[in-house]
Amino acid sequence: MELLDGKVVKKKILEELKEEVLKLKRKPGLVVIQVGDDPASKVYVGQKEKMANSVGYNFQHIKFDENIEEDIIEKKIIELNNDDNVDGILVQMPLPKQLNSKKIQNLIDQYKDVDGLSDINSGMLTHNVDTLVPCTPKGIMDILEYYNISVSGKNVVIVGRSDLVGKPLASLMLNANATVTICHSKTVNLGEFTKNADILVAAVGKASLITKDMVKENSVVIDVGINRVNDKLCGDVDFDGVIDKVSYITPVPGGVGQMTVAELGKNVLKAYKNREKQKILEKQ
Ligand code: NAD
């Protein structure tokens, strides 16, 4: 069994980004909007800021009060859409219940939507058109590529159908010629599906959901889940139970989670480059 080490891949990605940023005529700009004081959001925003500073981006953190009215956020997003120095805009989820997350996400200019969660970018991903793609699923594709694990023709089973992970990952896998099965909370006999997976992805949020009897011998297991059990972080897979049976597995922590923030860094540079290209075309 070999560990798929997210830290190693993240380090390589960030080093490459840093080198590229040094050659640019201006620093790419990333803005993260946070609403309220959710402790997990605070941690995630902090990780984004650290990444942005480490590769040389301009980072701006805009924080609104928990009870903010929607139109104030909307006005801010429109202002940022029109700000030439801003390449990426991200609204940290989850938002307080009174706000319409989907509407807010869809207001972000599609070329600055570095989370790739707007309907237009999800549609383009489904149609296999090059676009900004959600960071966690893109991180899974990149970690597999780094370890030379081909997905073409493989039986890929994804447990979880969220807009954030499961669905965009299914599109990326299909676009890469995998045979894809998506399982979810209403799937009957989950193990019957997972047992056939050459590559099994668990993105649910339930500790030890995937046990030894549910994985195929010598398969690749990608554990996206982040759960806290007895004050310790763990994924959705019973790690100790499956390690002798599988050929590769991502640890939690230290696997997919590491990739997510690195992919955000990649998306910001991609957005910057697309926008600069667009500006040249508009001048011609
Ligand atoms: P979600 O709650 O939006 O979706 C969970 C999915 O799991 C749903 O589609 C649901 O149908 C499915 N599900 C629930 N119970 C199930 C069961 N018993 N059997 C099969 N399927 C079941 O969650 P999400 O945003 O997709 O996140 C999933 C997990 O991944 C969470 O633990 C989250 O913290 C983690 N996550 C990690 C990263 C990262 O960077 N590592 C990024 C995003 C999410």
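Return a yes/no flag: does region 90-110 have any residue that is open to solvent by less than 20 Å² (accessible area, probe 1.4 Å), assigned to a helix (DSSP H, G or I) and either more than 16 Å from the ligand (Cβ to nearest atom) or touching a Lys or Arg at 6+ places or on another chain (Cβ under 9 Å) (or both). Yes, region 90-110 has at least one match.
Among the listed residues G29, G46, G56, which satisfies the condition of being open to solvent by less than 10 Å² (accessible area, probe 1.4 Å) and among the small types (G, A, S)? Don't jump to the end; show me each part of the working.
Details: G46 fails: open to solvent by less than 10 Å² (accessible area, probe 1.4 Å); G56 fails: open to solvent by less than 10 Å² (accessible area, probe 1.4 Å).
Testing whether each residue is open to solvent by less than 10 Å² (accessible area, probe 1.4 Å) and among the small types (G, A, S) leaves just G29.
When only residues in region 238-277 that are without any contact (Cβ under 8 Å) to a residue 60 or more places away in the chain, more than 23 Å from L80 (Cα to Cα) and part of a helix (DSSP H, G or I) count, which is most open to solvent (accessible area, probe 1.4 Å)? Applying the filter and picking the extreme gives D240. Residues in region 165-199 that are within 13 Å of the ligand (Cβ to nearest atom) and under 17 Å from the mean Cα position of the chain (by Cα): V165, G166, K167, P168, L169, A170. Exactly one residue out of I77, I72, I120 is in contact with a Phe, Trp or Tyr (Cβ under 9 Å, 6 or more places away or on another chain) and in a helix (DSSP H, G or I), and it is I72.
Between N128, N67, N85, the distinction of being surrounded by fewer than 12 Cβ atoms within 10 Å (Cβ to Cβ) and in a loop (DSSP other than H, G, I, E, B) belongs to N67 only. Look at region 1-21: where a residue is in a helix (DSSP H, G or I), no partner that is hydrophobic (A, V, I, L, M, F, W, C) and at pLDDT below 95 sits 6+ places away or on another chain with Cβ atoms under 9 Å. Please verify whether region 148-164 includes one or more residues that are charged (D, E, K, R) and under 30 Å from E69 (Cβ atoms). Yes, that holds for at least one residue. For region 200-224, taking the residues that are within 20 Å of D244 (Cα to Cα) and of a type in the set (G, A, S), the one that is farthest from the ligand (Cβ to nearest atom) is identified as S219. Every test in (1) touching a strand residue (DSSP E or B) at 6+ places or on another chain (Cβ under 7 Å); (2) within 13 Å of the ligand (Cβ to nearest atom); (3) touching a residue at least 60 places away in the same chain (Cβ under 8 Å) is passed by I149 save one, and that test is (2). Scanning region 148-201 for residues that are assigned to a strand (DSSP E or B) and open to solvent by less than 20 Å² (accessible area, probe 1.4 Å) yields V156, V157, I158, V159, C183, I199, L200, V201.
The values are calculated or read from the model by the stated rules, or taken from the named source; none is laboratory data. Just so you know, these numbers come straight off a predicted model, no measurement behind them. A quick note on method: Cβ atoms are made from the backbone with ideal geometry, for glycine too, and the neighbour counts reach across all protein chains shown. Just so you know, the surface numbers come from the protein's heavy atoms only, side chains and all, with ligands and any DNA or RNA stripped out. Shrake-Rupley method; radii C 1.70, N 1.55, O 1.52, S 1.80 Å.
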